[in-house]
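Enquirer: The following block contains the structure, expressed as structure tokens.
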Amino acid sequence: MTVEPPRATYLEDEMHFVWDELDVEIVVERLREERGALRGDFSPQSVSGTGWLPTQTIDLISGESAKRYANVLGNRIMDGESWFDMITQAQRLARERYRSGEPSVVLRDVDWSSKSRFAVFPLVESGVRSMLFGDGGVSKSLHSLAIAVSVATGEAIIPGTKVHETGPVLYLDWEDEAATHAERLAAICAGVGIEVPANIIYMRRSGSLHESTREIRREIAKQGAILAIVDSVGAACGGDPEKAADVIRAFDAMRSLGVSILALHHVTKDQKDRTKPFGSIYSPNLSRLTWRLDGERGKNEIYVRAQSHKGNNNGDLAPLGHRVGFEVDDDGRLLSVEFTTTSANRVPPVSGGGNGLRNKIASALKASPLTVKEISTEIESGEQTVRTQLSRHKDWFIHLEDGRWALKAEDHLSKPNQGKPVLNHGLEQTKPPPPPIGRGLEPGLHESEEELPW
């Protein structure tokens with residue numbers, strides 16, 4: 001028998017081909033290119049809901065692959081020849097759709113002005129992929145949960161932020177357990193005196209983000225989520241975060257979710273350039289906005305500096321500083337977490353690679369003036385190398401009468417590798433960066449005064 005072409009429905013991560021007269025639907029999903037072949041998972045089922053048939057991964061360019069699959073399906077519902085016709089039709093339509101991509105649109109007709117640039121200013125952009133990264137233990141997960149509470153309730157938790165979009169949040173976790181995040185969530189809400197919101201949904205994941213896209217999209221639709229948090233990129237990519245292909249696949253999956261994304265990522269202690277997350281350059285490249293968190297720990301507190309290192313759609317975003325304070329019980333369980341404002345300059349910025357030694361010296365001198373020998377011991381560098389840096393950066397360092405060296409001013413710590421600092425000599429702070437082109441920054445967000453850890 002001749003099989004007529006199917007009715008096709010295309011979603012971003014799956015394709016549905018329906019032969020109504022035969023009561024058959026084939027779902028094609030998880031298309032990927034492997035070793036020169038285009039593969040996809042084919043899942044036949046009855047339209048009327050009487051059951052599924054065996055699923056198989058086949059090559060969308062191979063007739064032999066279609067023939068073998070038709071033999072597997074055998075005479076279920078219909079003869080093998082009809083199955084072969086349907087499979088090859090699905091192969092061709094899925095292949096063409098994959099290669100052509102989404103339908104073209106007229107840019108003039110695209111509505112870009114009706115929503116805010118940010119979901120949570122200035123940390124999470126609306127509708128695209130934003131990233132928080134930093135060392136382990138700097139409170140990235142706490143920050144992401146605080147942002148989740150902000151979106152879920154409309155109340156800004158982190159000082160210096162402003163909520164523009166509110167709605168359910170989906171937390172996708174490859175690293176921890178639901179109980180850990182529930183404890184942290186309750187503590188954050190206790191810190192601001194609000195009830196724990198019921199619209200923060202947790203999904204513990206094990207397979208890669210790319211392989212989980214279909215289930216995650218279903219949950220986003222079911223919950224009406226407007227923000228998805230990915231904790232974390234390295235685990236979610238399901239492969240090697242240093243390999244471009246694995247990272248690109250993970251970010252493609254994030255994009256396909258169709259909501260604002262906040263991705264968490266790590267750095268390693270031996271990275272030369274610590275202004276970027278670990279692994280493939282595609283992690284920061286495929287993020288539209290990245291913020292690095294650095295922390296200075298104390299007893300039941302962390303002083304945090306949040307520094308923007310990339311903003312495709314924004315001008316200069318000033319660093320944020322805040323203290324994260326914790327209250328714990330005798331068993332070490334969190335009772336409350338409180339975010340308060342502090343100066344961003346309390347925690348020095350990390351090196352971008354080109355002026356790493358200069359920044360290390362500045363960090364060593366932050367507490368008090370030191371001799372060359374003391375600086376050399378502190379940063380584990382030769383005394384002559386230290387002298388050279390001190391002499392080369394006289395706009396940063398001053399030689400005191402007692403022979404010690406000191407910071408000339410602290411303002412430059414907020415803007416590493418951006419030319420000479422504006423010295424205040426006890427006068428006013430440096431001018432804040434100009435607002436992004438076309439719109440002003442939110443009020444009062446150029447520099448904060450105090451904040452927290454965990």
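The values are calculated or read from the model by the stated rules, or taken from the named source; none is laboratory data. No experiment lies behind these values; they were computed from the predicted model shown. Glycine gets a Cβ as well: all are built from the backbone with ideal geometry, and neighbour counts include every protein chain shown. Keep in mind that these areas ignore ligands, DNA and RNA; they rest on the heavy atoms of the full protein, side chains included. Shrake-Rupley method; radii C 1.70, N 1.55, O 1.52, S 1.80 Å.
Enquirer: Report the one residue of S206, P168, A146 whose Cα lies farthest in the direction of the positive end of the charge dipole of the stretch 136-271 (charges on C-beta: Lys and Arg +1, Asp and Glu -1; origin at the Cα centre).
Expert: P168
Enquirer: Right, here's the next one. Compute the long axis of helix 80-100 from its Cα atoms, compare it with the longest principal axis of the Cα atoms of the chain, and write down the angle in degrees, 0 to 90, nearest 10.
Expert: It is inclined by approximately 30 degrees.
Enquirer: Which of (1) 109, 49, 37; (2) 98, 51, 49; (3) 98, 60, 38 is the computed Cα extents along the principal axes in Å for the structure on display?
Expert: (2)
Enquirer: Could I ask something else about it? Nearest 20 debye, what's the magnitude of the dipole of the chain about its Cα centre given +1 on Lys and Arg Cβ and -1 on Asp and Glu Cβ?
Expert: Working: 54 positive and 65 negative charges, 328 e Å.
Dipole of the chain, to the nearest 20 debye: 1580 debye.
Enquirer: Going by alpha carbons, how many degrees (0 to 90, nearest 10) lie between the helix axis of 140-153 and the longest principal axis of the chain?
Expert: Orientation of helix 140-153: about 70 degrees from the principal axis.
Enquirer: Another question, if that's okay. List the lysines whose alpha-carbon lies under 28 Å from that of K272, not counting same-chain residues fewer than 8 positions away?
Expert: Reachable lysines: K140, K243, K310, K360, K366, K373, K394, K408, K415, K420.
Enquirer: Another question about this same structure. With contacts defined as alpha carbon pairs under 8 Å and 6 or more residues apart, what's the relative contact order of the stretch 42-143 in percent? Walk me through the numbers on the way to the answer.
Expert: Details: 63 pairs, mean separation 13.1, N = 102.
Relative contact order comes out at 13 percent.
Enquirer: I would also like to ask the following. So how do 308-315, 23-30 stack up, highest first, on mean other-Cβ count within 10 Å? Walk me through the numbers before you get to the answer.
Expert: Details: 308-315: 16.0, 23-30: 20.1.
Order by mean packing, descending: 23-30, 308-315.
Enquirer: Where does the chain land at 222 nm, in deg cm²/dmol rounded to the nearest 500, when only DSSP H runs of n ≥ 4 count, each adding -39500 (n - 2.57), divided by all residues?
Expert: Values: 11 runs with 124 residues, N = 454.
For the chain, the value works out to -8500 deg cm²/dmol.
Enquirer: Enumerate the aspartates and glutamates that K115 could reach by cross-link, defined here as Cα to Cα under 15 Å, with residues fewer than 8 away along the same chain left out.
Expert: Hits, sequence-local ones excluded: E125, E165.
Enquirer: Rounded to a whole number, what % of the accessible area of the stretch 259-333 do carbon and sulfur atoms account for, probe 1.4 Å?
Expert: Numbers: 1360 of 3190 Å².
Carbon and sulfur together cover 43 percent of it.
Enquirer: Tell me, what % of the accessible area of the stretch 28-186 is carbon and sulfur with a 1.4 angstrom probe? Could the numbers behind the result be given before it?
Expert: Numbers: 3440 of 7300 Å².
Reported share for carbon and sulfur atoms: 47 percent.
Enquirer: Please determine, in degrees from 0 to 90 and to the nearest 10, the orientation of helix 178-192 with respect to the longest principal axis defined by the Cα atoms of the chain, where the helix direction is its Cα long axis.
Expert: Computed tilt is about 50 degrees.
Enquirer: Would you mind getting the accessible area per residue of the chain, heavy atoms of the protein chains only, 1.4 Å probe, in Å²? Kindly include the intermediate steps, with their values, before the conclusion.
Expert: On the way: 21720 Å² over 454 residues.
Result: 48 Å² of accessible area for each residue.
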